[in-house]
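The values are calculated or read from the model by the stated rules, or taken from the named source; none is laboratory data. Model, not experiment: these values are computed from the prediction. Note: ideal-geometry Cβ built from the backbone for every residue, glycine included; neighbour counts use all protein chains shown.
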Amino acid sequence: MQKKACKQPCDTNSLRKLGHSFFQRSSVELGLDLIGKILVRRVRGREYRARIVETEAYVGPHDSASHASRGRTRRTEVMFGPAGHAYVYLIYGMYEMFNIVAGEEGDAQAVLIRAAEPLNGWKADLSGPGKLARGFAITRSDNGLDLTTNALFLLDDPDYRPRIARSKRVGVDYAKEWKDALLRFFDANSAAVSKPRNFSERADTPRPGAY
DNA sequence: GCGTCGATGGCA
DNA sequence: GCCATCGACGCG
């Protein structure tokens, strides 16, 4: 299950850009399927690419770990909007968090992008959501951005086969019955996954409706 | 290598 | 008052 065709530096020029329909699924499905996809940033005349290796699903207003559980506010507004847009917020006064809105309009589902492996010779530490957003120069000014445009978008990489594992989400111990839900997904082959690196043996796709 | 703690600002 | 975090520091 090693990556065969695409060791670094990766020739990603023929890869297909992901469109809106890719994001219009539950955050669990999207979070799983985003592992191995390539995030592309164009800023200040340069292009940066990295392979996503870790995500977390926030499944809707009933998920007490999700900002959407507090209802529709100025901050959470874009989570309630259409899929495929960026939800970016500030945490601990200094870290921007990059999320992708999932599901149907009004569902308020989202996937937090937690870690990625830089490609094409780009040297960066993207191992953790704060570091990833900083590395990609993603800030709150990108909140609501359509992720099918040129500034920030994703590429499919159908030949890449991650070894997907799952665990509970990080930093949500306050979230009552939701704190232990196995909604963090990552590529167990990747060294760029943030800690903690413990994972459950099973990485089955959850049954539809399990959450 | 691991646990603990402080930074720092927006949010409800 | 509380965070969907990170890095520095102390330990032994």
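Yes or no, residue by residue, for (1) in contact with a Phe, Trp or Tyr (Cβ under 7 Å, 6 or more places away or on another chain); (2) surrounded by 23 or more Cβ atoms within 10 Å (Cβ to Cβ):
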| residue | (1), (2) |
| --- | --- |
| A:99 | yes, yes |
| A:122 | yes, no |
| A:132 | yes, yes |
| A:142 | no, no |
| A:173 | no, no |
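Quick one: in region A:64-74, which of the residues that are within 10 Å of DNA strand C (Cβ to nearest atom) and in a loop (DSSP other than H, G, I, E, B) is nearest to residue A:149 (Cα to Cα)? The qualifying residue nearest to residue A:149 (Cα to Cα) is A:66.
Return yes or no: is residue A:200 at pLDDT 95 or above and of a type in the set (Ser, Thr, Tyr)? Walk me through how you get there before you give the answer.
Details: at pLDDT 95 or above: no; of a type in the set (Ser, Thr, Tyr): yes.
Answer is no for this residue.
Scanning region A:117-130 for residues that are within 16 Å of DNA strand B (Cβ to nearest atom) and touching a residue at least 40 places away in the same chain (Cβ under 8 Å) yields A:127, A:128, A:129.
Name the single residue that is farthest from residue A:184 (Cα to Cα) among those in region A:52-79 being under 15 Å from the mean Cα position of the chain (by Cα) and acidic (Asp, Glu).
A:54
For residue A:191, state whether it is surrounded by 14 or more Cβ atoms within 10 Å (Cβ to Cβ) and either at pLDDT 95 or above or not β-branched (Val, Ile, Thr) (or both). Outline the logic, then answer.
Values: surrounded by 14 or more Cβ atoms within 10 Å (Cβ to Cβ): no; either at pLDDT 95 or above or not β-branched (Val, Ile, Thr) (or both): yes.
For residue A:191, the condition - surrounded by 14 or more Cβ atoms within 10 Å (Cβ to Cβ) and either at pLDDT 95 or above or not β-branched (Val, Ile, Thr) (or both) - is not met.
Quick one: in region A:58-79, which of the residues that are hydrophobic (A, V, I, L, M, F, W, C) and surrounded by 21 or more Cβ atoms within 10 Å (Cβ to Cβ) is farthest from DNA strand B (Cβ to nearest atom)? The residue in question is A:59.
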